[in-house]
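The values are calculated or read from the model by the stated rules, or taken from the named source; none is laboratory data. From a predicted model like this one, the values you see are computed outputs, not experimental measurements. Neighbour counts are summed over all protein chains in view; Cβ atoms, including those assigned to glycine, are modelled from backbone coordinates with ideal geometry. Accessible surface is based on the protein model in full, side chains and every heavy atom, while ligands, DNA and RNA are left aside. Shrake-Rupley method; radii C 1.70, N 1.55, O 1.52, S 1.80 Å.
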Amino acid sequence: MAEDADYRRRGSRYRARRRAVALLFEAELRDADVVELAEERRRMGADSQEFHDVAPYTMEIVTGVAERLDRIDAMISDHLREWTLERLPAVDRAVLRAGAWELLYGAEDLGAATVIDQAVLLTADLSAEKSVAYVNAVLDRVAGLAEHIRAAERAVSSLDASPEPDAVDVSETTPDRGGSDPVG
């Protein structure tokens, strides 16, 4: 299946995702910082015609995954069945991390079905055929929670952004009734 796929004929977002997955995979294998690796590749692409530049969307994905790696890994782990994240092939981890980041933190105009479909295509191109089913299932479960997580984060950020109400000194606002008791 992967031999038949011509990823160059797919859109620029697919190619950016594919490059992000490759960088995530390489960084994990080399135990390197993925953002530094992507920046290095970006410089190499600018300095030489032999290397491809790193697309802005690729940088957005790898930076986003790096910034929220622990949270993304926890979300993926919560939705794996009978496997741990560490037992998955490294390329599958990279696809899941990129896909989960897009679902949870990427642009809201990206449809979940598109993100999942692209992740499944990447998995079919880069990994074992049996990986396709669980990548699809895990990302589908993450997508089911993504809207709730985005709403919660918006609510928290709006609370953080709203100014504190001025403290009111109650003693000054209570009228002095000249010692008379209103009840008695």
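The accessible surface of the range 27-157, taken with every protein chain in place and a 1.4 Å probe, is 50 percent carbon and sulfur. The calculated FRET efficiency for Asp78 paired with Asp53, based on their beta-carbon distance and R0 = 41 Å, is about 0.70.
Here Glu129 and Glu108 are evaluated by their C-beta separation; at R0 = 22 Å the FRET efficiency comes out at 0.10.
Its Cα gyration tensor gives the range 34-101 an equivalent ellipsoid, and the semi-axes of that ellipsoid, as √(5λ) in whole Å with the largest first, are 29, 12, 8.
What number comes out for accessible area per residue over the range 29-89 if the probe is 1.4 Å? Units Å², please. Write down the numbers at each step before the final one.
Working: 4190 Å² over 61 residues.
I get 69 Å² per residue for this part.
Our compactness index for the range 1-129, the C-alpha radius of gyration over the empirical 2.2 N^0.38 Å, is 1.02. Which residues in the range 35-76 have a backbone N closer than 20 Å to a point placed 7 Å from the Cα of Val156 along the Cα-to-Cβ line? Correct set: 63-76.
The modelled label-to-label distance between Ser12 and Leu145, using points 7 Å beyond Cα along the C-beta direction, is 3.4 nm.
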